[in-house]
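> Sharing a structure, written as structure tokens. Questions coming.
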Amino acid sequence: MMTESKLSFKHYLIIASMLFGMFFGAGNLIFPIHLGQLAGNHWLSAGLGFLITGTLLPLLAIIAISITKSTGIYDLARPIGHKYALFLMILICATLGPLFATPRTATVPFQIAFASHITKAQQPLALFIYSLIFFAIIFFISRKPAGIIDTIGKLLNPMFLALLAIIFFIAFTQPMGQANLQTASTATYLHGSFLQGFLQGYNTMDAIAGLLFGIAIVTAIRHLGAKNSQDISWTTIKSGILGIGLEALIYLILIWIGATSLAHFKVSADGGIAFNQITNHFMGLTGEIILGIMSTLTCMTTAAGLSTSFAEALHERFHKLSYQQWNFLTCLLSFIIANFGLDTIIAWSTPMLMFLYPLAITLIILAIASPLFGRDHRVYQWTTAFTLIPAILDALASFPPIISKSGWAQALLSLDHQFLPFAQYGLDWFIPALIGLAIGLLIHFTTAKAPLSATDMNN
């Protein structure tokens, strides 16, 4: 059996590169840029909050998969119950698939490359043509994506990082302004920038993506020779410090650049427009063209990976449709939703993320800590039960005004703010989750340990 000590630094670099490539796409460029503009001189505290949900949680998700020896989201959530695990798996796959993440892979490069060069009236038709071509290509390469994604990735990542390095070099040597002199856009960033950054990190979707991609990382580590769970966990941590550490550094620089851009530009509607303006400021039209091409190719590899993962996951559970049929439905639905535009996708994805992230965070923490309580399903169930209702209320508060400002919604949210701490920050799930965890642990340590029975496994 090969142990962790036999893995070389080269192996860590291979896993680190895989981690970075899976998590960092063009979409990860727009949220930190926009966060920097929103936070202004509070960019650093907002950035630290962003790093927790944008980088630390994805790493912990992968570690959770390795510690529990799970084969994916379903297996990880199984102690809570079969129906809940299936529900969570479908919801996360749909969010990362045709509902939000995959359509965003077309709208982000469109926003970066084209939106600022055409009128509002021209954008719907241009987006329709662009997304039609985009997802036609995705459907074609997703038939047998592995080799193509690997080939593009090996060529694309260095080029994309080289472009970023050029922009960063210019930003440091010829800064647009002083970040510490720029005013935050709203009072929420003046007095709660860390929490706002924490919540903005939800938009990367990387923590829930870590639950989906974790098994691929663990499989790759096992392939390199690590066999037992402790070796795999330590390899994941060490590789994660390299790969996700690089991602964290890029995030902080992008947030800083976003803050400095306020010296020349107003806060943009989204980070795609902001990044286009910044690139044009530094490199002119040439930089915009290069960035547009690179972001399109990067998002194509991401879209192919997401559509493939979604189609394979659902085909495995629902055999009546073939992989090709699921893939076609994924691309078709992604194309339709992409044409609602980036702003609409972000607006409607936020409630889903506000619902999923508390459940994902508690599941990740429970999985990592599970050896301490023998993976007792009661600890999982009590914690999740107490997290579920606040998560629903957080989602309700994040819906567009047509829902969140309705009378019945306002009545529920008024009770939420009255009785649950941190509700105004979107963190009303935190205290209930701790209470549920305490009850579950109390039951576990004061009664005989109850392993998963055949009845529990089927509930």
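The values are calculated or read from the model by the stated rules, or taken from the named source; none is laboratory data. Small disclaimer: the values here were computed from a predicted structure and weren't measured. With ideal geometry, Cβ positions are generated from the backbone for all residues, glycine too; neighbour counts draw on all protein chains shown.
> Restricting the search to the range 237-269, which residues are crowded, with 20+ Cβ neighbours inside 10 Å, more than 20 Å from PHE172 (Cβ to Cβ) and not aliphatic (A, V, I, L, M)?
Within the range 237-269, SER239, GLY240, GLY243, SER268 meet the criteria.
> Sticking with this structure for a sec: Being among the small types (Gly, Ala, Ser) and surrounded by 13 or more Cβ atoms within 10 Å (Cβ to Cβ) is the filter here; which residues of the range 108-137 pass it?
Residues of the range 108-137 among the small types (Gly, Ala, Ser): 113, 115-116, 121, 126, 131, 136.
Passing the criteria: ALA113, ALA115, SER116, ALA126, SER131.
> Let me ask something additional. Quick check on my filter: what residues within the range 368-382 are of a type in the set (D, E, K, R) and in contact with a Gly (Cβ under 8 Å, 6 or more places away or on another chain)?
Our first condition is that a residue be of a type in the set (D, E, K, R); within the range 368-382, this holds for 375-376, 378.
Those that are of a type in the set (D, E, K, R) and in contact with a Gly (Cβ under 8 Å, 6 or more places away or on another chain): ASP376, ARG378.
> Something else about it: I'd like to know if the range 129-139 contains one or more residues that are within 15 Å of ALA304 (Cα to Cα), at pLDDT below 85 and of a type in the set (A, V, I, L, M, F, W, C). First the steps, then the outcome.
Going through the range 129-139, the residues within 15 Å of ALA304 (Cα to Cα) turn out to be 131-139.
Those left that are additionally at pLDDT below 85: none.
The answer is no; no qualifying residue exists.
> Would you mind stating whether LEU99 is within 13 Å of the chain's Cα centre (by Cα), in the same structural domain as LEU212 (by TED's automatic domain parsing) and under 27 Å from ALA385 (Cα atoms)? Reasoning before the result, please.
Values: within 13 Å of the chain's Cα centre (by Cα): no; in the same structural domain as LEU212 (by TED's automatic domain parsing): yes; under 27 Å from ALA385 (Cα atoms): yes.
No: the conditions fail for LEU99.
> Moving to a separate point now. Which of the residues that make up the range 54-78 are in a helix (DSSP H, G or I) and touching a Leu at 6+ places or on another chain (Cβ under 9 Å)?
PRO58, LEU59, ALA61, ILE62, ALA64, ILE65, THR68, ILE73, TYR74, LEU76, ALA77, ARG78
> Please tell me if ALA304 is at pLDDT below 85, of a type outside the set (Ser, Thr, Tyr) and either within 22 Å of ALA64 (Cβ to Cβ) or assigned by TED's automatic domain parsing to the domain that holds ILE63 (or both). Please lay out each step first, then the result.
Values: at pLDDT below 85: yes; of a type outside the set (Ser, Thr, Tyr): yes; either within 22 Å of ALA64 (Cβ to Cβ) or assigned by TED's automatic domain parsing to the domain that holds ILE63 (or both): yes.
Answer is yes for this residue.
> Moving on. Which of the following residues is assigned by TED's automatic domain parsing to the domain that holds ALA248, aromatic (Phe, Trp, Tyr) and in contact (Cβ under 8 Å) with a residue 12 or more places away in the chain: PHE87, PHE20? Full working, then the answer.
Values: PHE87 fails: in contact (Cβ under 8 Å) with a residue 12 or more places away in the chain.
Criteria check complete, one pass: PHE20.
> Give me the pairs, please: first residue somewhere in the range 233-259 and farther than 24 Å from THR279 by Cα, second residue anywhere and charged (D, E, K, R) and surrounded by 24 or more Cβ atoms within 10 Å (Cβ to Cβ), beta-carbon distance under 8 Å, and either six or more positions apart or on two chains.
none
> Being more than 16 Å from the chain's Cα centre (by Cα) and either surrounded by fewer than 24 Cβ atoms within 10 Å (Cβ to Cβ) or among the acidic types (Asp, Glu) (or both) is the filter here, so list the residues in the range 192-214 that pass it.
Hits for the range 192-214 are GLY192, PHE194, LEU195.
> If you go through the range 396-416 one residue at a time, do you hit one that is closer than 21 Å to LEU363 by Cα and touching a residue at least 12 places away in the same chain (Cβ under 8 Å)? Spell out how you get there, then give the answer.
Taking the range 396-416 first, the residues closer than 21 Å to LEU363 by Cα are none.
Checked against the condition, which is being closer than 21 Å to LEU363 by Cα and touching a residue at least 12 places away in the same chain (Cβ under 8 Å), the range 396-416 yields no hits at all.
> Look through ILE361, ILE346, ILE337 and report the one residue that is crowded, with 18+ Cβ neighbours inside 10 Å and at pLDDT below 90. Write out each step before concluding.
Values: ILE361 fails: at pLDDT below 90; ILE337 fails: at pLDDT below 90.
Only one candidate qualifies: ILE346.
> Now a separate question. Could we say that TRP256 is of a type in the set (Phe, Trp, Tyr) and touching an Asp or Glu at 6+ places or on another chain (Cβ under 6 Å) here? Steps first, please.
Numbers: of a type in the set (Phe, Trp, Tyr): yes; touching an Asp or Glu at 6+ places or on another chain (Cβ under 6 Å): no.
No; evaluated as a whole, the condition is false for this residue.
> Okay, moving on. Any residue that is assigned to a helix (DSSP H, G or I), assigned by TED's automatic domain parsing to the domain that holds PHE50 and over 23 Å from TYR189 (Cα atoms) - is there at least one of those in the range 266-276? First the steps, then the outcome.
At the first step, the residues of the range 266-276 found to be assigned to a helix (DSSP H, G or I) are 271-276.
Adding the requirement that they be assigned by TED's automatic domain parsing to the domain that holds PHE50 leaves 271-276.
Cutting the leftovers down to over 23 Å from TYR189 (Cα atoms) gives us 276.
Taking every residue of the range 266-276 in turn, at least one turns out to be assigned to a helix (DSSP H, G or I), assigned by TED's automatic domain parsing to the domain that holds PHE50 and over 23 Å from TYR189 (Cα atoms).
> So which residues in the range 385-407 are more than 15 Å from SER349 (Cα to Cα) and touching a Phe, Trp or Tyr at 6+ places or on another chain (Cβ under 7 Å)?
If the condition is that a residue be more than 15 Å from SER349 (Cα to Cα) and touching a Phe, Trp or Tyr at 6+ places or on another chain (Cβ under 7 Å), then THR387, PRO390 are the ones that fit.
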